[in-house]
Amino acid sequence: MQISSTERKPLPLLTSVDAVLFDIDGTLLNTFDFIYGAFEHAFEVHAIDALSRRDISQLMGGPLEEVYGTMAPKHDPAALAETHRNFQTNNLHLASLFPATLEVLEELKNRKLKIGAITTRSLRTSIRSLETTGIAHFFDVVISAEDVVRHKPDPEPILKGLAAMGISTADAVMVGDTAADILAGKNSGTRTVAALYGFGGESLLDLKPDYAIRDLKEFLLL
């Protein structure tokens, strides 16, 4: 659904952009057990009282060490993040495609659009999860945590991805399921699509994204 209001009926989104940037987790890939499981494993290994998945979801989106610094301020965030990443490296099978992911990516390629992935997940698991789910070949660029100094919601990851593809922010849209995704899009000047089926849920509407979808397939209708 379109959220922004204009005096004239706007052009369909996908006819007015040259590139689509996607977050990976909770947007293209069903990684709920992959992500929550990593947090729960780290809590258990480091003898920390576990947070509920609801509470975890409200703290996600930024760099992993910062997230752990907020969740468990009395513990070493780097050690927690390493335990988290080791779990994910050993459990890539927990990441799977949403039902419409392949259809959407194929249609975007048919339309000759550039496709980028912008994630705060580590390079060692982000690329592999795209490979193991069979969609890595769709992407013109993948920007992972190690590729930037400042992470979402800072615009740096989006700007770096668009520069690599030779696309301006005015000609791109950012699709994501956390507040960091939507704010990064706004901060960079792209249009934004909130994936309400992901980790952030309906709370993303408070950020006033340009569009919102409750199923990835709806993206093709914008």
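The values are calculated or read from the model by the stated rules, or taken from the named source; none is laboratory data. Note that this is a predicted model, so its numbers are computed, not measured. Please note: Cβ atoms are built from the backbone with ideal geometry, for glycine as well, and neighbour counts cover all protein chains shown.
Report yes if some residue within the stretch 176-194 is under 13 Å from the mean Cα position of the chain (by Cα) and polar (S, T, N, Q); otherwise report no. Taking every residue of the stretch 176-194 in turn, at least one turns out to be under 13 Å from the mean Cα position of the chain (by Cα) and polar (S, T, N, Q). Among the residues of the stretch 122-135, count how many are surrounded by fewer than 19 Cβ atoms within 10 Å (Cβ to Cβ) and over 15 Å from the mean Cα position of the chain (by Cα). Of the residues in the stretch 122-135, 5 are surrounded by fewer than 19 Cβ atoms within 10 Å (Cβ to Cβ) and over 15 Å from the mean Cα position of the chain (by Cα). When we screen Leu51, Leu123, Leu59 for residues that are at pLDDT below 95, within 23 Å of Leu28 (Cα to Cα) and outside the structural domain of Leu159 (by TED's automatic domain parsing), the only hit is Leu59. Counting the residues of the stretch 25-44 that are surrounded by 21 or more Cβ atoms within 10 Å (Cβ to Cβ) and not in a strand (DSSP E or B) gives 10.
For Ala170, the criteria (1) closer than 19 Å to Asn30 by Cβ; (2) modelled with pLDDT of 95 or more; (3) of a type in the set (Gly, Ala, Ser) hold in every case but one, which is (1). For the stretch 102-118, the criterion of a residue being in contact with a Pro (Cβ under 6 Å, 6 or more places away or on another chain) and closer than 25 Å to Glu218 by Cα is satisfied by at least one position. Among the residues of the stretch 1-24, the ones that are within 26 Å of Phe138 (Cβ to Cβ), outside any helix (DSSP H, G or I), touching a Lys or Arg at 6+ places or on another chain (Cβ under 9 Å) and modelled with pLDDT under 95 come to 2 in all.
Can you tell me which of Arg191, Arg111, Arg121 is of a type in the set (Lys, Arg) and closer than 20 Å to Val67 by Cα?
Of the residues listed, the single one that is of a type in the set (Lys, Arg) and closer than 20 Å to Val67 by Cα is Arg121.
Checking each residue of the stretch 147-157 against the condition of being within 25 Å of Ser122 (Cβ to Cβ) and surrounded by fewer than 16 Cβ atoms within 10 Å (Cβ to Cβ) gives at least one match.
Per-residue answers, yes or no, for (1) modelled with pLDDT under 95; (2) among the polar types (S, T, N, Q):
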| position | (1), (2) |
| --- | --- |
| Val104 | no, no |
| Ile115 | no, no |
| Thr119 | no, yes |
| Thr132 | no, yes |
| Ile135 | no, no |
| Ala145 | yes, no |
| Gly166 | no, no |
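Filtered by the rule that a residue be touching a helix residue (DSSP H, G or I) at 6+ places or on another chain (Cβ under 6 Å) and charged (D, E, K, R), the stretch 46-63 gives a lone residue, Arg53. Can you name every residue in the stretch 45-96 that is over 19 Å from Gly198 (Cβ atoms), surrounded by fewer than 16 Cβ atoms within 10 Å (Cβ to Cβ) and among the hydroxyl-bearing types (Ser, Thr, Tyr)? Passing the criteria: Thr70, Thr89.
Scanning the stretch 172-211 for residues that are surrounded by fewer than 24 Cβ atoms within 10 Å (Cβ to Cβ), touching a Lys or Arg at 6+ places or on another chain (Cβ under 9 Å) and assigned to a loop (DSSP other than H, G, I, E, B) yields Leu196, Tyr197, Lys208, Asp210. So, in the stretch 106-121, exactly how many residues are surrounded by 20 or more Cβ atoms within 10 Å (Cβ to Cβ) and either without any contact (Cβ under 8 Å) to a residue 24 or more places away in the chain or among the hydroxyl-bearing types (Ser, Thr, Tyr) (or both)? Of the residues in the stretch 106-121, 2 are surrounded by 20 or more Cβ atoms within 10 Å (Cβ to Cβ) and either without any contact (Cβ under 8 Å) to a residue 24 or more places away in the chain or among the hydroxyl-bearing types (Ser, Thr, Tyr) (or both).
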